[in-house]
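Shown next, in structure tokens, is the structure this report addresses.
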There are 2 protein chains.
Amino acid sequence: MAQKPSIPKGTRDFSPIEVAKRNYIFNTIRSHFEKFGFQPIETPTFENSETLMGKYGEEGDRLIFKILNSGNFFFNKNKIELPESLDVLQTNSAETISVKELVELNKFTSKISEKALRYDLTVPFARYVVQHQNEIEFPFKRYQIQPVWRADRPQKGRFREFYQCDADVVGSTSLWQEVELVQLYDSVFTDLGLKGVTIKINNRKVLSGIAEVIGASDKLIDFTVALDKLDKIGEDGVKKEMLEKGISEAALQKVQPLFSFTGTIEEKIEKLAQLLASSEEGLKGVAELKFICENVSEIGLQSANLDLDVTLARGLNYYTGAIFEVGAPAGVAMGSIGGGGRYDDLTGIFGLKNMSGVGISFGLDRIYLVIEELGLFPETVTSAPTAMFLNFGETEAKYAMKAVSKLRQEGIKVEMYPDTAKIGKQFQHADKRGIPYAVIVGADEVANQVYNLKNLASGEQQTVSFEELVKLLK
Amino acid sequence: MAQKPSIPKGTRDFSPIEVAKRNYIFNTIRSHFEKFGFQPIETPTFENSETLMGKYGEEGDRLIFKILNSGNFFFNKNKIELPESLDVLQTNSAETISVKELVELNKFTSKISEKALRYDLTVPFARYVVQHQNEIEFPFKRYQIQPVWRADRPQKGRFREFYQCDADVVGSTSLWQEVELVQLYDSVFTDLGLKGVTIKINNRKVLSGIAEVIGASDKLIDFTVALDKLDKIGEDGVKKEMLEKGISEAALQKVQPLFSFTGTIEEKIEKLAQLLASSEEGLKGVAELKFICENVSEIGLQSANLDLDVTLARGLNYYTGAIFEVGAPAGVAMGSIGGGGRYDDLTGIFGLKNMSGVGISFGLDRIYLVIEELGLFPETVTSAPTAMFLNFGETEAKYAMKAVSKLRQEGIKVEMYPDTAKIGKQFQHADKRGIPYAVIVGADEVANQVYNLKNLASGEQQTVSFEELVKLLK
């Protein structure tokens, strides 16, 4: 009954070396999160469906993995009215789906499924804050490093299971948080050796202000979506798209400065202040940008560059103040490796009003690829033992295992080859595992209570006492 | 549209202190796994249903969480024949279910669901080994620390989502592995401060031998299930159950020594050797026990006790050699906190024959409860910052943030209160967070370029330079 084993598309097995490299990144991020005063929480892999549904838009709902009510739990719901709603499904043979069919499908799904896999870490965090509000001391700085699942079509670099690493502060509107989050990005990427990342910053109020000034407040989304494409389709392309969306020629004239928005951050802020002079909200955004950028500059960054990018609009529906995005160091072709921003009403969906939140996220998979491409993983992330004792037979193995046991108590990673195999095979095993030293203990070594230590790279051998062995392997 | 937030029954949120305590246990286990030469792998949260189904018995199949084919992926399967199979479901109003109904339900389920949540770490590991056999260097010592899910009825201490921590060696029949695994248990529990755990050991071949000797080989399961209850229902109870299961009086006479099986391990092994003198398999089991126990004894354990327990039979269908179980230190009422054993054909279900495996598992949730009950969590697991800077206004905050940033670069966990709130409120925040020091920086401190460090427990205050501050907080 042998099956050819495989895993679902969009998921991954991680080998020892991959786990070690991923943990190196996780541990680095975690240590900086903690140094900045963030505290870890963890939430369940699946939430009640109603906690997640409707929070990510229509597309999001469709991409949420639902869990079937299982075993008896399925059966006890014996009143489900299936045939009527399923007639639609059975006769549908098109790839598209009508609204009526969608409604029927959703009814059906919610009857046989009441739980769903976590889609991101933000909604579960909002749920956590509301549910545990009486135990939490605000402002609450939390971090969370857990996998999420999305039923997206798998592609190169896009998976159905992947980790998110989020740090958020909830319960304070202070802009010092934004300053700190920029420093946190700088701190993590510097420590990872990724020098020269660009932390782009923008502000939702600035984007609203621009739309207001050009009399296109009702077209804010269309406007920002088009502006966001500036580096892809160029000035002419953006203008063409804006005109198509009904933004006037006159309006485009007013925002002409945005199409060649260069200079230092100070100069850009000055330009924005002029452009938005008539918009109260826009000027508020400019003031926020000014506070954040000035303080970041005064405190200083270790290796990252801060840049004001007025075309940055990620998750616009969501963010209400600062918007962040991190680009890989120059020369590495990779999308953003982090992003975040401020959202003024994080927990309102669960009934707790006036809880401002601000947070950032690290894109683990892309960071991994960048570090790999630049060859920046430290050699020490591989966790091979320092030495392997050869196994020459029961008496010698007993002698070896006593040493192995004592070395481990000294904190040294060692092991013994478990079988009395041919010596060549044993050496080969150490070599394939990347173990740098072999300890040879034959009858002579046992008789003399010594150890023959062989450097597998140089071939150099020396006979030593146990005390010397400890010293050499440490 | 506020919803009262909650999580699915049988799942848990973990607060910062709980995550810190759990990570303390995970990290301790992980460090010993690595010291013993085990390497980490990770497998996907969900597997193809056919990888899991049929591997855990009928009960297990029912407890596996299935994932609904989602969105378009559900829809593209437009040929599912639902009504026929679902008539049964719709008309069924009893809590019990007929075989026909079960078949229909399974057919239906497999049509709308092709993926399922990981139920344990062993089957995914077997699948991993077979799938990646050409990349693996055998013997392969792997560890895996990941959550699993079971649709069990939630109870006190039994959850639907919980972590397993497994270490297994595959590809070697050497009994040194068993010796090492006993040492690994000892090493981990000693490091966690859980001194005096009992590592019980038995052997499947000994149990088979006993059944053979008393002429009840066909009743091996009944026999061991009854024997396993010795400490619960006593000698008379066990004998009564055995007689009911058709084991003869004469047979019970032969195994009378098992009912008062005391003495040292050496004595027990001697008794078993006599009892099983006529069973080849039984004597093989005795020889295995002898090798393991003698070597463990000779190498020595740090704080655990090894005990030979002939009534130990956990997972009998599964294990083929050694069987392990760990009991909490005397005086703590808790079931087993770990278990494992050898299984000679780990990967056969996926088509790779002759791969012997042996492994052990740590029961995280129970270990947590034992450590909590004995008050053994180190105070340092809580990850509160060392100091909080008070916030007296923008100028002072800027001065404070510069110091905070530099202290963090020195590896010191500090933060600044983000808002210019009343000082009493700020102190209260530090207190509730368990932060030991406050740094007070008002106009005077800024003017003199100094810092006022206050010990929040003693109330003691001192004015220091930045260099002194670094020294004091380090």
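The values are calculated or read from the model by the stated rules, or taken from the named source; none is laboratory data. Since this is a predicted model, take the numbers as computed values, not measurements. Counting neighbours? That spans all protein chains shown, and the Cβs are built from the backbone with ideal geometry, glycine included.
Scan (1) within 12 Å of chain B (Cβ to nearest Cβ); (2) over 29 Å from B:Tyr143 (Cα atoms) for the single condition A:Asn354 breaks and write down its number.
Against the list (1) within 12 Å of chain B (Cβ to nearest Cβ); (2) over 29 Å from B:Tyr143 (Cα atoms), A:Asn354 comes up short only on (1).
Name the single residue that is modelled with the highest pLDDT among those in the stretch B:65-81 being crowded, with 19+ Cβ neighbours inside 10 Å and more than 7 Å from chain A (Cβ to nearest Cβ).
B:Asn69
Could you check, for the stretch B:421-431, whether at least one of its residues is of a type in the set (S, T, N, Q), surrounded by 13 or more Cβ atoms within 10 Å (Cβ to Cβ), more than 40 Å from the chain's Cα centre (by Cα) and away from chain A (no Cβ under 13 Å)?
No, every residue in the stretch B:421-431 fails to be of a type in the set (S, T, N, Q), surrounded by 13 or more Cβ atoms within 10 Å (Cβ to Cβ), more than 40 Å from the chain's Cα centre (by Cα) and away from chain A (no Cβ under 13 Å).
Would a scan of the stretch B:392-403 turn up a residue that is over 30 Å from B:Pro139 (Cα atoms), more than 39 Å from the chain's Cα centre (by Cα), of a type in the set (S, T, N, Q) and buried (at least 20 other Cβ atoms within 10 Å of the Cβ)?
The answer is no; no qualifying residue exists.
Hey, among the residues in the stretch B:215-259 that are among the charged types (D, E, K, R) and without any contact (Cβ under 8 Å) to a residue 12 or more places away in the chain, which one's surrounded by the most Cβ atoms within 10 Å (Cβ to Cβ)?
B:Lys240
Give the number of residues within the stretch A:394-427 that are among the aromatic types (Phe, Trp, Tyr) and within 17 Å of A:Leu456 (Cβ to Cβ).
Adding up the residues that qualify gives 2.
Out of contact with any strand residue (DSSP E or B) (no Cβ under 9 Å at 6 or more places or on another chain), under 19 Å from B:Glu34 (Cβ atoms) and within 14 Å of another protein chain (Cβ to nearest Cβ) - does that describe any residue in the stretch B:140-157?
Scanning the stretch B:140-157, I find no residue that is out of contact with any strand residue (DSSP E or B) (no Cβ under 9 Å at 6 or more places or on another chain), under 19 Å from B:Glu34 (Cβ atoms) and within 14 Å of another protein chain (Cβ to nearest Cβ), so the answer is no.
Pick from A:Lys406, A:Lys398, A:Lys413: which is in contact (Cβ under 8 Å) with a residue 60 or more places away in the chain and at the interface with chain B (Cβ under 10 Å from one of its Cβ atoms)?
Answer to the selection: A:Lys406.
Is there a residue in the stretch A:45-52 that is part of a loop (DSSP other than H, G, I, E, B), at pLDDT 90 or above and not β-branched (Val, Ile, Thr)?
No - not one qualifying residue is present in the stretch A:45-52.
Among the residues of the stretch A:360-381, write down those that are farther than 23 Å from A:Arg158 by Cα and either in contact with a helix residue (DSSP H, G or I) (Cβ under 8 Å, 6 or more places away or on another chain) or assigned to a loop (DSSP other than H, G, I, E, B) (or both).
Within the stretch A:360-381, A:Pro378, A:Val381 qualify.
The conditions are (1) part of a helix (DSSP H, G or I); (2) crowded, with 18+ Cβ neighbours inside 10 Å, and A:Asn23 fails exactly one of them. Which is it?
Condition not satisfied by A:Asn23: (2).
Based on this model, can you work out whether B:Tyr343 counts as more than 14 Å from chain A (Cβ to nearest Cβ), under 22 Å from the mean Cα position of the chain (by Cα) and surrounded by 16 or more Cβ atoms within 10 Å (Cβ to Cβ)?
yes
Among the strands (runs of 3 or more DSSP E) lying completely within the stretch A:286-359, list those that include at least 2 residues that are without any contact (Cβ under 8 Å) to a residue 60 or more places away in the chain.
By residue number, A:336-343.
Test each condition in (1) in the same structural domain as A:Leu181 (by TED's automatic domain parsing); (2) surrounded by 18 or more Cβ atoms within 10 Å (Cβ to Cβ) for A:Met53 and report the one that comes out false.
(1)
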